[in-house]
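To keep things clear, I will list the structure first and then write my remarks on it.
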Amino acid sequence: MQKIKKILSRRYPAILWTLIIFILLALPGTMLPSEGNFKIPNFDKYVHISIFCLFVLLWSIYYGTKPHTKNRHIFFVIFIAACLYGTAMEFVQKYFIPFRDFDLYDILADVVGACIGYLLMRLTINWWKRTE
């Protein structure tokens, strides 16, 4: 457990996940897998929720484990950054990525994921500090 905590308290997992989000959301529409017989209604919304939930968690763990982080508003800033990142990527898809569309419901899913991440972060940070 200590090894996992040590890895997550570094910035590299959060940076790597931020880049993975960019790559996934910047893929041309022709490179996305087809649903085939595997049809889950609104599956892409669950993906958006998950990736932005993890974004908030990873960045919050990184900043939350730093002794110099006295200002607890940083977690709200991370939440806002996640919402802005998701929104910006929808505009990138609309204007720059072939065969991808702007979807307001994707932005909503990004915000929901960021909210869930924010709430889970509050639980995770408290648990994290109790186990030290």
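Just so it is clear, none of the values below were taken in a lab; they were calculated from the coordinates. Everything numeric here is computed off the predicted structure, so don't read it as measured data. Glycine also receives a Cβ, built like all others from the backbone with ideal geometry; neighbour counts cover every protein chain displayed.
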Inset, instruction - Report the calculated FRET efficiency for L32 and L84 (r = Cβ-Cβ distance, R0 = 35 Å), to the nearest 0.05. - result: 0.90
Inset, instruction - Please find, in a Gaussian network model of the chain (springs between Cα atoms separated by less than 10 Å), the residue of Y118, Y63, Y95 whose mean-square fluctuation is greatest. - result: Y95
Legend entry - Isotropically averaged projected area of segment 1-67, using the convex hull of Cα atoms (one quarter of hull area), nm²: 5.9 nm²
Legend entry - For segment 65-105, the fraction of alpha-carbon pairs in successive 5 Å shells from zero, as %: 6, 21, 19, 14, 11, 10, 8, 8, 3, 0
Legend entry - Top of S50, S34, S60 by mean-square fluctuation, Gaussian network on the chain, Cα under 10 Å: S34
Inset, instruction - Over the chain, calculate the relative contact order: mean separation of alpha carbon pairs under 8 Å at least 6 apart, over the residue count, as a percent. - result: 36 percent
Legend entry - Sequence ranges 2-15, 75-88, ranked by mean other-Cβ count within 10 angstrom, highest first: 75-88, 2-15
Inset, instruction - Please list the helices of the chain that count as membrane-span-like by this rule: a mean Kyte-Doolittle hydropathy of at least 1.6 together with Cα atoms stretching 15 Å or more along the helix axis, each helix being a complete DSSP H run. - result: 12-26
Inset, instruction - Quickly estimate the mean residue ellipticity at 222 nm for the chain, helices only: each DSSP H run with n ≥ 4 gives -39500 (n - 2.57), and the total goes over all residues, rounded to 500. - result: -24500 deg cm²/dmol
Inset, instruction - For the chain, compute the number of Lys pairs whose alpha carbons are separated by less than 30 Å, excluding pairs fewer than 8 positions apart on the same chain. - result: 14
Inset, instruction - Quote the convex hull volume per residue of segment 2-130, based on C-alpha atoms, as a whole number of Å³. - result: 122 Å³
